[in-house]
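First the structure, in the form of structure tokens, and then the observations on it.
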Amino acid sequence: MRILESFKSSFYNLKVSKLRSFLTILGIIIGVFTVILLISIGQGAKNRVTQVMQELGANTLLIFPSNIETNGDFNTLMEESQRRRNRGIPQLFNYSDLLYLREIFRDEILISSLVSSLSSVKYKFIEINAQVVGTDNEGLIIAKEGLLSGRFFTETEIKNREKVCIIGPKIAREIAEDYEQATNKSLDIGGQNYRIIGVLREKGFTSSSYEDQDRRIIIPITTLFSIKGDQNLNIIAVQVKNPEALEIYRYKLIFALKQRRGKTNFVIARQEDLLSAMKEILNILTLTLAGIAGVSLVVGGIGIMNIMLVSVMERIKEIGIRKAVGAKRRDILIQFLVESSILSILGGIIGIILALIFGKIIVHFDIPFSLNFNILILGFLFSLSIGLIFGVWPAVRAASLDPIQALRSE
């Protein structure tokens, strides 16, 4: 039997049992849909992490506390033996550590930190959805912040812990007709009045944590310490003016902090260190989730094999007649393989379409999603291979039937 005739016959048989065919490919649909969706989300997350790291700049260093000796090298934490040891609570930095580094390096490099607060925000008794963070002018420069109106903090405002703030553009539009009018208004932050001195440039969801950067309220870091009740820092950011001197300053910072803390219970990470670590973690997570989702593909394949075995039993007499009029064993084998392949391909195509539709929806909720042609081809090949693999046994069984015994069956 020719391949074209096999396709025609297979489509006819599937058309006769539409509901059964749909229920058979349901597992394939779910499997292909979830695999493509999860891989695309993982790829989108990697792209966003790359974007975040690029925003930091190649001349930026991030210093994290650790509870183990690391020699200041970020890769030390990635070693398996060190990960098993790193189970305690790290000794956090203090604001005095930051000032100590500034005193040593003065105008050579920029050094700052970012501290967040869970303070409530109101404008004239109206609740404002906002994230309150504290930093200083050097932190604003490192983060490449710009202004639509107003100004940054003065040294006096930072030193005296004054209640002033710089707000995101979305908050400014909620409380005033334009950005200029938003300045000099007051916000209630944690029960205290803060005067608005500036409006930040629009950033959207381009920074870490996938939070809306246009809904931030930045106050002097010293003022935020008064709210928190301590001066602990989880991270210190450093920006080197000359990127070529990045490694030199990394060693200088390791030496200075070791002198300050008595040991190297910290790591100093470069952009590529963080990027490599995050990509490795996301790759493992994506593959794990895709593997779990792939189980439904196997379930779908078992469903195809089961229904094809039933189809063989139902069509024993038909197989006997075809063999009696000259159909070869190969022709019967090809027909049933084509039929199982069509089932899996249809399931794969529907799964791909659903993944495309769902991907268009989730991007509106700012969930990272990046779908490329290779992922679609991968999903299609997965579905096709499932049909071929799980269709072999039913096809071999059909092709092996004795034509005389088949014709005698009821």
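The values are calculated or read from the model by the stated rules, or taken from the named source; none is laboratory data. Here the structure is a predicted model, which means the values were calculated and not measured. In this analysis, Cβ positions are derived from the backbone assuming ideal geometry, glycine residues included, and neighbour counts consider all displayed protein chains.
Here is a check on your reading of the model: is I189 at pLDDT below 95 and over 27 Å from I109 (Cβ atoms)? Steps first, answer last, please.
Values: at pLDDT below 95: yes; over 27 Å from I109 (Cβ atoms): yes.
Taking the combined requirement at face value, the residue satisfies it.
So if I check each of L287, L274, which one is surrounded by fewer than 17 Cβ atoms within 10 Å (Cβ to Cβ) and either within 30 Å of I29 (Cβ to Cβ) or not assigned by TED's automatic domain parsing to the domain that holds K159 (or both)?
Values: L274 fails: surrounded by fewer than 17 Cβ atoms within 10 Å (Cβ to Cβ).
Of L287, L274, the one residue that is surrounded by fewer than 17 Cβ atoms within 10 Å (Cβ to Cβ) and either within 30 Å of I29 (Cβ to Cβ) or not assigned by TED's automatic domain parsing to the domain that holds K159 (or both) is L287.
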Mind checking whether some residue in the stretch 207-228 is in a helix (DSSP H, G or I), of a type outside the set (D, E, K, R) and free of Cβ contacts under 8 Å to residues at least 40 places away in the same chain? yes
Residue set I357, I345, I349, I361; condition assigned to a helix (DSSP H, G or I), under 21 Å from S21 (Cβ atoms) and free of Cβ contacts under 8 Å to residues at least 40 places away in the same chain; output residue I349
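Step by step: first the residues of the stretch 228-239, then only those that are surrounded by fewer than 18 Cβ atoms within 10 Å (Cβ to Cβ) and touching a strand residue (DSSP E or B) at 6+ places or on another chain (Cβ under 9 Å), then the one that is nearest to F64 (Cα to Cα). Which residue is that? If you could, list the steps in order and put the result at the bottom.
If we filter the stretch 228-239 for residues that are surrounded by fewer than 18 Cβ atoms within 10 Å (Cβ to Cβ), which is where we start, we get 228-230, 232, 234-235.
Next, only the ones that are touching a strand residue (DSSP E or B) at 6+ places or on another chain (Cβ under 9 Å) stay: 228, 230, 232, 234-235.
Details: K228: 20, D230: 18, N232: 12, N234: 7, I235: 5 Å.
Within the stretch 228-239, the match that is nearest to F64 (Cα to Cα) is I235.
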Failed condition for V299, given (1) within 31 Å of the chain's Cα centre (by Cα); (2) among the hydrophobic types (A, V, I, L, M, F, W, C); (3) modelled with pLDDT under 90; (4) not assigned by TED's automatic domain parsing to the domain that holds L26, with all others met? (4)
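When you scan the stretch 220-230, do you find a residue that is within 19 Å of I104 (Cα to Cα) and not β-branched (V, I, T), even just one?
Step one: list which residues in the stretch 220-230 are within 19 Å of I104 (Cα to Cα), which gives none.
For the stretch 220-230, residues within 19 Å of I104 (Cα to Cα) and not β-branched (V, I, T): absent.
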Unmet criterion (only one of (1) surrounded by 14 or more Cβ atoms within 10 Å (Cβ to Cβ); (2) closer than 19 Å to N59 by Cβ) for D214: (2)
Just to be sure before I move on: is L371 in a helix (DSSP H, G or I) and either under 25 Å from the mean Cα position of the chain (by Cα) or crowded, with 17+ Cβ neighbours inside 10 Å (or both) in the structure I sent? no
Evaluate the stretch 323-340: report whether one residue or more is of a type in the set (G, A, S), closer than 18 Å to R20 by Cβ, in a helix (DSSP H, G or I) and at pLDDT below 85. yes
Quick check on the stretch 46-68. Is at least one of its residues in a strand (DSSP E or B), touching a Ser or Thr at 6+ places or on another chain (Cβ under 7 Å) and at pLDDT below 85? no
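Take the residues of the stretch 86-145 that are assigned to a loop (DSSP other than H, G, I, E, B) and of a type in the set (D, E): which is surrounded by the fewest Cβ atoms within 10 Å (Cβ to Cβ)? Explain how you work it out, then say what you get.
Let us first name the residues in the stretch 86-145 that are assigned to a loop (DSSP other than H, G, I, E, B), namely 86-92, 106-108, 113-114, 118-120, 124-125, 128-130, 136, 143-145.
Filter once more, so that each one left must be of a type in the set (D, E): 107-108, 136, 145.
Details: D107: 7, E108: 14, D136: 22, E145: 19.
Checked the stretch 86-145; the qualifying residue surrounded by the fewest Cβ atoms within 10 Å (Cβ to Cβ) is D107.
Results for (1) in a helix (DSSP H, G or I); (2) under 22 Å from Q51 (Cβ atoms); (3) of a type in the set (V, I, T); (4) at pLDDT 85 or above, shown as yes or no for each residue.
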site	(1), (2), (3), (4)
F255	yes, no, no, yes
T264	no, no, yes, yes
I268	no, no, yes, yes
L309	yes, no, no, no
V312	yes, no, yes, no
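Looking for whichever is assigned to a helix (DSSP H, G or I), closer than 30 Å to L337 by Cα and acidic (D, E) here; the options are E318, E280, E272. Which one fits?
On the way: E280 fails: closer than 30 Å to L337 by Cα; E272 fails: closer than 30 Å to L337 by Cα.
Only one candidate passes the filter, namely E318.
When you look at I316, is it touching a Ser or Thr at 6+ places or on another chain (Cβ under 8 Å) and either surrounded by fewer than 20 Cβ atoms within 10 Å (Cβ to Cβ) or without any contact (Cβ under 8 Å) to a residue 40 or more places away in the chain (or both), yes or no? Reasoning before the result, please.
On the way: touching a Ser or Thr at 6+ places or on another chain (Cβ under 8 Å): yes; either surrounded by fewer than 20 Cβ atoms within 10 Å (Cβ to Cβ) or without any contact (Cβ under 8 Å) to a residue 40 or more places away in the chain (or both): yes.
Here the answer is yes, as I316 does meet what is asked.
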From the option list K258, K328, K323, K252, single residue qualifying as among the basic types (K, R) and surrounded by fewer than 15 Cβ atoms within 10 Å (Cβ to Cβ) is K328
Select from the stretch 319-328 the residues that are hydrophobic (A, V, I, L, M, F, W, C) and touching a residue at least 12 places away in the same chain (Cβ under 8 Å) and list them in ascending order. I319, I321, A324, A327
